[in-house]
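The values are calculated or read from the model by the stated rules, or taken from the named source; none is laboratory data. Only a predicted model underlies this, so the values are computations on that prediction, with no experimental measurement involved. FYI the Cβ positions are ideal-geometry reconstructions off the backbone, even for glycines, and counts take in every protein chain you see. Heavy atoms of the whole protein, side chains included, go into the accessibility calculation; ligands, DNA and RNA do not. Shrake-Rupley method; radii C 1.70, N 1.55, O 1.52, S 1.80 Å.
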Amino acid sequence: MRAVLVGPPGAGKGTQAQILATELSIPKVSTGDIFRANVSGGTELGKKAKEYMDRGDLVPDEVTNAMVKDRLAQDDAAEGFLLDGFPRNVPQAETLKTMLADLDSKLDVVLELRVDEEEVVNRLSGRRSCPECGRVYHVEYDAPQTAGRCDDDNAELYQREDDREETIRHRLKVYRDQTAPLVEFYENEGLLATIAATGPVGEVSERAMAAIREKASS
Ligand code: AP5
């Protein structure tokens, strides 16, 4: 299974990617997580990405595409993957198509997670993330058992730099201008499935699995 998750910031792509990748036994490839790991590790890639991420802008395509190409060439992605956060504009989608064609491969499904903008702002302002395993929580909707600590490894949870309200609003504009056109792009490719990403996380996962299976088998 080669799948992509598309949706605005805060739609629950990271939350669902973790669950769906386990369910489908494929690796989750999250460009945001890879960039953040590079920023905290102080690598050259992290230094290039940081200023864009802090502003809520997209990291330039040449940097992002090269990073994804390296990641998808790793052995664990040979039989499938779930992309979270890539592609993020039509040129990245064209690049992904070429990258996969070069490997004699192609996407099976693109799942769009739909949620309205006010819900996004509520979700992102309450988000807390684990620096060790990347697990995502919400102070109200998906709280850890012990406040401020990850259930899996007890690490202290942190709030992302780009989760301040004005940066969230800018990320939403970037989504509308640059990423939303992917919905039509993938509809034209016959790959798009869309679900409402509201309601309990487990219900969204069930909807997502059903939509992925239906699209991939059609
Ligand atoms: P990235 O990390 O991809 O951020 P994003 O797309 O803005 O998405 P988020 O991670 O904010 O949200 P999400 O949809 O994953 O939601 P989550 O599951 O966490 O990218 C960050 C930056 O990296 C970009 O701005 C850019 O600079 C750069 N970048 C990344 N990819 C790039 C690319 N391809 N090209 C160029 N630049 C790139 O959930 C959010 C919150 O909601 C959590 O608190 C969660 O607990 C809660 N929640 C989840 N589901 C539910 C539910 N059903 N009900 C209630 N709450 C829920």
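Taking a ≥ b ≥ c as the square roots of the eigenvalues of the Cα gyration tensor, segment 6-47 is classed as oblate, since a/c reaches at least 1.5 and a/b does not exceed b/c. The GluC sites (Glu not before Pro) found in segment 1-81 that occupy coil by DSSP, while having at most 16 further C-beta atoms within 10 Å, are GLU79.
Here the Karplus curve 6.51 cos²θ - 1.76 cosθ + 1.60, taken at θ = phi - 60°, turns the phi angles of segment 55-62 into couplings of 7, x, 8, 6, 5, x, 4, 5 Hz, with x standing for Gly and Pro. Charge tally for GLU161 (other residues, Cβ to Cβ under 14 Å; Lys, Arg +1; Asp, Glu -1): +1. What whole number of Å gives the distance from the Cα centroid of segment 39-58 to the Cα centroid of segment 147-218? One Cα centre to the other: 21 Å.
Accessible surface of SER129, taken over heavy atoms with a 1.4 Å probe and every protein chain present, rounds to 10 Å². Taking a ≥ b ≥ c as the square roots of the eigenvalues of the Cα gyration tensor, segment 89-142 is prolate, since a/c reaches 1.5 or more and a/b is larger than b/c.
Relative contact order, whole percent, for segment 2-217 stands at 30, derived from Cα pairs under 8 Å and 6 or more residues apart. ASP151 sits among other residues whose Cβ lies under 15 Å from its own Cβ, and their net charge, with Lys and Arg +1 and Asp and Glu -1, is -2. Here each label is just a point 7 Å from Cα along the line to Cβ, and for ALA210 and ALA73 those points are 4.1 nm apart.
Across segment 104-218, Cα pairs under 8 Å and at least six residues apart give a relative contact order of 36 percent. Dividing the summed helix terms, -39500 (n - 2.57) for each DSSP H run of n ≥ 4, by the number of residues in the chain produces a 222 nm estimate of -14500 deg cm²/dmol to the nearest 500. Pairs of Cα atoms nearer than 8 Å and 6+ residues apart set the relative contact order; for segment 19-107 it is 34 percent.
Solvent-accessible area of segment 69-120 (1.4 angstrom probe, protein heavy atoms only): carbon and sulfur portion equals 45 percent. Using the Cβ of VAL110 as centre and a radius below 11 Å, the other residues enclosed give a net charge of -2, where K and R count +1 and D and E count -1.
Taken along the Cα-to-beta-carbon direction at a fixed 7 Å, the label points for SER105 and THR198 span 3.6 nm.
Within segment 1-139, DSSP assigns beta bridges of which about 20% are antiparallel (rounded to the nearest 5).
Please sort by residue number the chymotrypsin sites (Phe, Trp or Tyr not before Pro) in segment 137-218 whose DSSP state is loop and whose Cβ has at most 11 other Cβ atoms within 10 Å. Sparse-neighbourhood loop chymotrypsin sites (Phe, Trp or Tyr not before Pro): none present. Scaled to the globular estimate 2.2 N^0.38 Å, the Cα spread of segment 1-83, given as radius of gyration, is 1.11. Accessible surface for segment 83-218, divided over its residues, is 54 Å² per residue with a 1.4 Å probe. Multiplying the residue separation of ASN188 and VAL139 by 0.36 nm and removing their Cα-Cα distance gives an extension gain of 13.8 nm. Quotient of the Cα radius of gyration of segment 2-217 and 2.2 N^0.38 Å, N being its number of residues: 0.97. Using 0.36 nm per residue and subtracting the Cα-Cα separation, the extra length available between GLU94 and GLU51 on full extension is 12.9 nm.
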